[in-house]
Ligand code: XMP
C-alpha cells in the first residue's frame, strides 16, 4: 500500500458519485489493512490531512488518534474549527496541543527566514513525538501524501514531507488513503465525506504559517496584527464573492513603522500589506485586480480594528520577480 501508484487509466474524480465510489473502495481497503490496530495522524486542519482524518474516522473510528499541534502561527479560528469538526461533530479521538508559547519562545529574536522555518519544523516534530510517546500500541501512521507530492519528489522539486523526521521507534507502517489523488480530487472526496466547504476549499497555507508573514523576528503583538488583518481580509473577500476565485490572499506586517494621525494625535505604527494572487502551479503568479471600493473598505476596517496599524498597502508585484510569500 505504501508504494501504491496512480493507475494510468484512472478516471478523474470530478463528481460526488465518483468520490463516493472511491470512498467505498478505500474504506474496505483501510479496514482490511488496519484490522483492530491503532493509527496515529498529525492533523493540521489543511485539506489533505483533514480528508485523511475524515476517511480514517469513517473506516476505524476511535482506533484513530489525531494530534493537532497549534504552533501559534495558525490563522484566526483554525484550531477551533479543527476541534469543532473532528472532536465535536465526528467524535474523533483528538489530542489538541496548545504549543504556541513553546514555538514563540524558541522563535524570539530569530530574524533569518531559513532558521525560522527550521525551528518551526523541528519543534513540530518534537511536539508530535512527545505526544506519540505517550500513546500505547500504535501500529500505523496516517499521512496526507497526495499524487503531486510523489511526482514532485520524483522530479527532485520537493523533498517529500514524509515521516522521515521521526525517530526509529516511531516509524510506523504508513496509511496513505489519498496518495493517488490530485488536489481537486481530494477536495471532492472531502466534500463527499461531509467536511465543511471552508475546510475543503481552503487556500494554500505554508507549513510555517503566519510565521513567514511576520517578516524578521516574530513578536506576539505584530503576529496578532497579521492574524487579525488576515481574518478581516478573508471575511471581506468571502463577502465580495472573491474567496473561491482568488487563488491565495493574505496579509503581511513588516517590522517597520511610519507616522500617522489618530484622534488628532501623532501615531507611529506598522503597516499591513495585502497580497492577492492567482496562479496555476505557484511557479508564477499574477496580481488580482481588487475593486477600489473593496480596497477602501479593507483600509477602513484594518486601520480601525487592528491594533498598532495606521496604514494599508497593496502589493502589485507579480511572481517573478517577487515570490508569493515575503520570506
Ligand atoms: P513562494 O513564496 O515561493 O510560494 O512564491 C509558492 C507557494 O508555496 C507556499 N509556500 C510554502 N508552503 N512551506 C509550505 O508548506 C513553506 O515553507 C512555504 N513557503 C511558501 C506559498 O504559500 C505559495 O502557495
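Computed from the coordinates by the stated procedures, all read-outs in this text should not be read as laboratory data. None of the values given here were measured: they were computed from a predicted structure. Note that we place each Cβ from the backbone using ideal geometry, even for glycine, and neighbour counts take in every protein chain shown.
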Next item on the list: Could you check the simple spin-label distance between residue 173 and residue 294, using points 7 Å along Cα→Cβ, in nm with one decimal?
Entry: 4.9 nm
Notebook entry, point to check: Highest GNM mean-square fluctuation, the chain, Cα pairs closer than 10 Å: which of 11, 37, 118?
Noted result: 11
Check: How high is the relative contact order of segment 168-327, in percent, counting Cα pairs under 8 Å that sit 6 or more residues apart?
Finding: 21 percent
Notebook entry, point to check: Rounded to the nearest 500 deg cm²/dmol, what is the calculated helix-only ellipticity per residue at 222 nm for the chain, with -39500 (n - 2.57) per DSSP H run of length n ≥ 4?
Noted result: -12000 deg cm²/dmol
Item checked: the chain - percent relative contact order, Cα under 8 Å, separation 6 or more -> 18 percent
Check: What full-extension length gain, to one decimal in nm, is calculated for residue 268 and residue 220 as 0.36 nm per residue of separation minus the Cα-Cα distance?
Finding: 15.5 nm
Next item on the list: Using Cα pairs closer than 8 Å and at least 6 residues apart in sequence, work out the relative contact order for segment 49-111, in percent.
Entry: 40 percent
Item checked: Choice from 135, 40, 94 showing the highest fluctuation, given a GNM over the chain with Cα pairs closer than 10 Å -> 135
Margin query: Using a Gaussian network model on the chain with a 10 Å cutoff between Cα atoms, which of 243, 155, 108 fluctuates the most?
Written below: 155
Next item on the list: Return the whole-Å distance between the Cα centroid of segment 87-157 and the Cα centroid of segment 240-319.
Entry: 29 Å
Notebook entry, point to check: When the chain is fully extended, how far beyond the present Cα-Cα distance does residue 111 get from residue 203, taking 0.36 nm per residue of separation?
Noted result: 30.5 nm
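Using only the Cα atoms, what convex hull volume per residue in Å³ does the chain have?
Taking only Cα atoms, the chain has a hull volume of 147 Å³ per residue.
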Next item on the list: Report the full-extension gain for the segment residue 325 to residue 4: residue separation times 0.36 nm, less the Cα-Cα distance, to one decimal in nm.
Entry: 112.2 nm
Item checked: residue 62/residue 118 FRET efficiency (R0 30 Å; Cβ-Cβ; nearest 0.05) -> 0.30
